[in-house]
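Asks: Shown below is the structure under consideration.
The values are calculated or read from the model by the stated rules, or taken from the named source; none is laboratory data. Every value quoted in this text rests on a predicted model; they were computed, and no experiment measured them. For neighbour counting, all protein chains shown are included, and Cβ atoms are generated from backbone atoms with ideal geometry for every residue, glycine included. Ligands, DNA and RNA are stripped out before the accessible areas are found, and what is left, the full protein with its side chains, is counted by its heavy atoms. Shrake-Rupley method; radii C 1.70, N 1.55, O 1.52, S 1.80 Å.
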Amino acid sequence: MRLQLALNVDDLDEAIEFYSKMFGTEPAKTKPGYANFAIENPPLKLVLFEGAGPSGSINHLGVETETAAEVVAAEARLADSGLDTTGVDETVCCYAEKTETWVHAPDGNRWEWYVKHGDTDQLVNTVVSSSTGSSAGCCG
């Protein structure tokens, strides 16, 4: 597993240049208005969204898992502890096919537990199948 930090930026090219230098690695994926880094040390998935909110603000936070079973287990643990989740959804979002669940922190930050299954050409969230029929929405 690794933590995910999704940031809103005003200038994607400038942000890519900065974070490439800061972490010593190039983005794993770039699309219009979007980039993500799979940083090994420290283990971090850094995602950048251009024009999705005030520059420098947190878009959302997350935990990227290795398997869908880990997402299901996390969702069960969160729900059992009394936290409201979206349930487990199969989605296409942020240029990826994913299994995910979302929870909102008291401060308003959105947290996503997810596993990526493959790449797509779609940024906007589409729920393919849902355990609850609701979704917290995607990034951006």
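Asks: From Asp119, Asp107, grab the single residue that is at pLDDT below 85 and out of contact with any Cys (no Cβ under 7 Å at 6 or more places or on another chain).
Replies: Asp119
Asks: Going by what's in this entry, would Ala35 be described as small (Gly, Ala, Ser), under 17 Å from Gly118 (Cα atoms) and without any contact (Cβ under 8 Å) to a residue 40 or more places away in the chain?
Replies: It is true that Ala35 is small (Gly, Ala, Ser), under 17 Å from Gly118 (Cα atoms) and without any contact (Cβ under 8 Å) to a residue 40 or more places away in the chain.
Asks: Could you figure out which of (1) open to solvent by 20 Å² or more (accessible area, probe 1.4 Å); (2) touching a helix residue (DSSP H, G or I) at 6+ places or on another chain (Cβ under 6 Å) isn't true of Pro54?
Replies: Unmet for Pro54, out of (1) open to solvent by 20 Å² or more (accessible area, probe 1.4 Å); (2) touching a helix residue (DSSP H, G or I) at 6+ places or on another chain (Cβ under 6 Å): (2).
Asks: All but one of (1) closer than 26 Å to Ala15 by Cα; (2) at pLDDT below 95 hold for Ser130; state the number of the condition that does not hold.
Replies: (1)
Asks: What's the number of the only condition in (1) of a type in the set (S, T, N, Q); (2) closer than 17 Å to Glu14 by Cβ; (3) open to solvent by 60 Å² or more (accessible area, probe 1.4 Å) that Ser81 fails to meet?
Replies: Just one mismatch for Ser81, condition (2).
Asks: Restricting to the stretch 1-30, and then to whatever is free of Cβ contacts under 8 Å to residues at least 24 places away in the same chain and among the hydroxyl-bearing types (Ser, Thr, Tyr), can you tell me which residue is least open to solvent (accessible area, probe 1.4 Å)?
Replies: Residue satisfying both the conditions and the ranking: Ser20.
Asks: Have a look at Glu50, Glu14, Glu70 and point out the one that is modelled with pLDDT of 95 or more and more than 26 Å from Asp107 (Cα to Cα).
Replies: Step by step, each of Glu50, Glu14, Glu70 is checked, and only Glu14 is modelled with pLDDT of 95 or more and more than 26 Å from Asp107 (Cα to Cα).
Asks: Further question on the same structure: Looking only at the stretch 94-118, filter to residues that are of a type outside the set (Phe, Trp, Tyr) and touching a helix residue (DSSP H, G or I) at 6+ places or on another chain (Cβ under 7 Å); which one of those is farthest from Gly62 (Cα to Cα)?
Replies: Restricting to residues being of a type outside the set (Phe, Trp, Tyr) and touching a helix residue (DSSP H, G or I) at 6+ places or on another chain (Cβ under 7 Å), the top hit is Thr99.
Asks: Could you tell me which residue of the stretch 87-119 is nearest to Leu5 (Cα to Cα), considering only residues that are of a type in the set (Asp, Glu) and surrounded by fewer than 15 Cβ atoms within 10 Å (Cβ to Cβ)?
Replies: If we take residues in the stretch 87-119 being of a type in the set (Asp, Glu) and surrounded by fewer than 15 Cβ atoms within 10 Å (Cβ to Cβ), then Asp107 is nearest to Leu5 (Cα to Cα).
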